[in-house]
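Please treat every number below as a calculation from the coordinates, not as lab data. No experiment lies behind these values; they were computed from the predicted model shown. All Cβ positions, glycine included, derive from the backbone under ideal geometry; neighbour counts span all protein chains shown.
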Amino acid sequence: MKMLHKIQRMIALGESDTLDFKQTISDASKIAKTIVAFANHRGGTLLIGVRDNGTICGIKSEDEKYMLELAGNFYCQPKIDVRVAEHIIDKKTVLEARIEPGANKPYYAKNEDGRWWVYHRVNDKSLQASPVIFQVLKKQNKTNLGISTYSYLESEILNELKSNTSLTVHDLIDHLKIKKNRIIYSLAKLVHFDIVKVNYQQKNEYFTLNI
């Protein structure tokens, strides 16, 4: 029986928080969003020359390599080193682009309008980071020993989540009558220490106790 190529084995697993398929790359700014999302996450791999349904179409030119380099160096801030390997499968060329977890989070991607935005990985999607996730990413650069005691606001947030199971930032603002920025910073701290987890429904962000 013919052994599957390692790329075919990866494709069989499907897209995920660490794997993304691209048929082709025509825009460096668009692919930068995925690169940044992986760097802000736990790393990931782009397979270029693979359709969304997992069939291998192959790349047609060297343009994709150039686009990856351009995206990492000019459309990502800080710059991101994209390691590219070329594979031939059934006479078709597939690029394997590996992005390591970033050491200087948060990473930004420059969009078509020249503005810089932070993206993160949620399941098989690269989403723009909310204010809470942005603060969580900033905390990943710091050495923290953990939480020994909760502040008044942190305790109030935890009590609300015990009573309501799942809440948005705006829900917490309405319930606690506290300014948005204070809610965001406290939530980010609780998420960072895995006390609270984030769930997504149609790109809406909900917070629940991590129990």
(request) Return the calculated 222 nm mean residue ellipticity for the chain, to the nearest 500 deg cm²/dmol, obtained by summing -39500 (n - 2.57) across DSSP H runs with n ≥ 4 and dividing by the residue count. (result) -11000 deg cm²/dmol
(request) Would you mind calculating the gained length between Ser166 and Lys179 on full extension (0.36 nm times residue separation, minus the Cα-Cα distance), in nm to one decimal? (result) 2.7 nm
(request) Grab the other residues whose beta carbon is less than 13 angstrom from that of His170, score K and R as +1, D and E as -1, and report the net. (result) -1
(request) Calculate how many DSSP beta bridges within segment 86-211 are antiparallel, expressed in % of all such bridges and rounded to the nearest 5. (result) 100 percent
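Take the residue pairs Lys6/Lys197; Lys92/Lys203; Lys105/Lys162; Lys79/Lys197; Lys30/Lys138; Lys125/Lys179 and return only those whose Cα atoms are more than 26 Å apart.
Lys6/Lys197; Lys92/Lys203; Lys105/Lys162; Lys79/Lys197; Lys125/Lys179
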(message) How tilted is helix 152-164 with respect to the longest principal axis of the chain? Cα atoms for both, answer in degrees (0 to 90, nearest 10).
(response) 70 degrees
(message) Placing +1 on the Cβ of each Lys and Arg and -1 on the Cβ of each Asp and Glu in segment 137-209, which of Ile178, Tyr206, Leu137 has its Cα farthest towards the positive end of the resulting dipole?
(response) Leu137
(request) Compute the distribution of all C-alpha to C-alpha distances in segment 65-190, in bins of 5 Å from 0, and list the percent of pairs in each, rounded to whole numbers. (result) 2, 9, 14, 16, 15, 13, 10, 8, 6, 4, 2, 1, 0
(request) For the chain, restrict the atom set to alpha-carbon positions and state the Rg and Dmax in Å. (result) 19.8, 65
(request) Kindly express, to the nearest 10 degrees and within the range 0 to 90, the angle between helix 63-74's C-alpha long axis and the longest C-alpha principal axis of the chain. (result) 30 degrees
(request) Between Lys92 and Tyr66, with labels modelled 7 Å along Cα→Cβ, what's the label distance in nm to one decimal, could you check? (result) 2.4 nm
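Give me the Kirkwood hydrodynamic radius of segment 119-211 in Å, from all C-alpha pairs, to one decimal place?
Values: mean 1/r = 0.0736 Å⁻¹.
For segment 119-211, inverting the mean 1/r across all distinct Cα pairs yields 13.6 Å.
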(request) Taking the Cβ of Arg83 as the centre, find all other residues whose Cβ is under 9 Å away and add up their charges (Lys, Arg: +1; Asp, Glu: -1). (result) -2
